[in-house]
Amino acid sequence: MIKPVNTDMAEYYAVRNNFDEEDIENPDGADALDDIMENLRKFMTDQHVLELACGDGYWTDELAEYAASVLATDINPTLIEQAKERELPEEIVQFAVADALDPQVEGEFNACFAGFWWSHVKRQDQVEVIGRIRKIIGQDGLLVLVDNSHVETEKTVIARTDLEGNTYQIHTLPNGERYEILKNYYTNSTLRKRLGPLLKDMRVHHSEHYWMLTARLR
């Protein structure tokens with residue numbers, strides 16, 4: 001008997017074997033990812049950064065090298081504990097459990113970063129999410145988003161599309177448990193159309209494997 005598909009995305013990221021999402025989707029995109037890392041350093045050096053959905057700290061590890069401070073947040077306490085195992089400098093990096101869709105955090109920030117998370121935000125929720133980020137980092141705050149471009153593989157097959165245009169994939173864990181994962185992919189023009197009214201000085205760098213958006217909040 002086939003088990004029903006689990007739709008708890010937070011649970012999926014908590015219980016899966018630890019791997020980086022860019023590796024499972026784009027194993028041939030290492031060079032493009034290096035370019036993103038270089039650009040991230042340019043934008044985030046000396047910034048006070050709120051990081052959303054930090055996962056096991058893959059991007060936090062990078063930010064710790066040049067940001068003035070980082071508050072790395074994730075909804076999963078288990079992933080926060082994994083990130084702490086990286087032993088990043090405590091004078092720069094702090095961790096907190098928080099829902100990226102509505103982060104309730106304390107501190108002063110002038111920048112927000114999210115890596116491989118925006119694709120998990122429903123299209124109909126994006127305006128409200130940007131508004132919540134703006135309340136935290138303020139007008140003219142720096143927003144940097146990095147995510148996957150859609151590369152056709154057996155692991156990126158779209159299982160269904162809902163009425164709002166959100167797309168979903170089915171991911172299967174080694175134990176056979178199946179999860180439906182919200183995964184939206186965006187073109188340059190779609191990002192500009194959806195986020196342009198909310199942002200200024202927006203730039204979108206698109207490659208075959210990844211895209212990177214930088215902007216200031218209106």
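Structure values in brief
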{"quantity": "Index of the failed condition, D34 passing every other in (1) among the acidic types (D, E); (2) exposed (fewer than 14 other Cβ atoms within 10 Å of the Cβ); (3) at pLDDT 95 or above", "calculated": "(3)"}
{"quantity": "Residue count for the range 119-136, restricted to those that are under 24 Å from Y13 (Cβ atoms) and in contact (Cβ under 8 Å) with a residue 40 or more places away in the chain", "calculated": "10"}
{"quantity": "Breaking point among (1) surrounded by fewer than 18 Cβ atoms within 10 Å (Cβ to Cβ); (2) modelled with pLDDT of 95 or more; (3) closer than 22 Å to W59 by Cα, for E208", "calculated": "(2)"}
{"quantity": "Condition broken by R132, with the remaining ones in (1) closer than 25 Å to I36 by Cα; (2) in contact with a Pro (Cβ under 8 Å, 6 or more places away or on another chain) satisfied", "calculated": "(1)"}
{"quantity": "Any hit, the range 61-68, residues being crowded, with 21+ Cβ neighbours inside 10 Å, under 19 Å from D140 (Cα atoms) and modelled with pLDDT of 95 or more", "calculated": "yes"}
{"quantity": "Considering residues of the range 167-188 that are under 25 Å from L142 (Cβ atoms) and among the hydroxyl-bearing types (S, T, Y) only, the residue surrounded by the most Cβ atoms within 10 Å (Cβ to Cβ)", "calculated": "Y186"}
{"quantity": "Flag for F113 being hydrophobic (A, V, I, L, M, F, W, C), within 13 Å of W59 (Cβ to Cβ) and either touching an Asp or Glu at 6+ places or on another chain (Cβ under 8 Å) or open to solvent by 10 Å² or more (accessible area, probe 1.4 Å) (or both)", "calculated": "yes"}
{"quantity": "Those strands (runs of 3 or more DSSP E) lying entirely in the range 87-203 with at least 1 residues under 24 Å from T45 (Cβ atoms)", "calculated": "93-97, 111-115, 142-148"}
{"quantity": "Lone unmet requirement of (1) surrounded by fewer than 16 Cβ atoms within 10 Å (Cβ to Cβ); (2) of a type outside the set (D, E, K, R); (3) more than 21 Å from L63 (Cβ to Cβ) for L191", "calculated": "(1)"}
{"quantity": "Looking only at the range 37-56, and only at residues there that are open to solvent by less than 10 Å² (accessible area, probe 1.4 Å) and either modelled with pLDDT under 95 or assigned to a helix (DSSP H, G or I) (or both), the one that is nearest to E106 (Cα to Cα)", "calculated": "M44"}
{"quantity": "Selection within the range 116-139 - open to solvent by 50 Å² or more (accessible area, probe 1.4 Å) and within 24 Å of V93 (Cβ to Cβ)", "calculated": "R132, R134, K135"}
{"quantity": "Among (1) open to solvent by less than 50 Å² (accessible area, probe 1.4 Å); (2) polar (S, T, N, Q); (3) at pLDDT 95 or above - the single one Q104 does not satisfy", "calculated": "(1)"}
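The values are calculated or read from the model by the stated rules, or taken from the named source; none is laboratory data. The model shown is predicted, which means the values in this text are computed figures rather than measured ones. When we count neighbours, we look across all protein chains shown, and the Cβ atoms used for this are built from the backbone with ideal geometry, even at glycine. Surface accessibility is based on the protein's heavy atoms, side chains included, excluding ligands, DNA and RNA. Shrake-Rupley method; radii C 1.70, N 1.55, O 1.52, S 1.80 Å.
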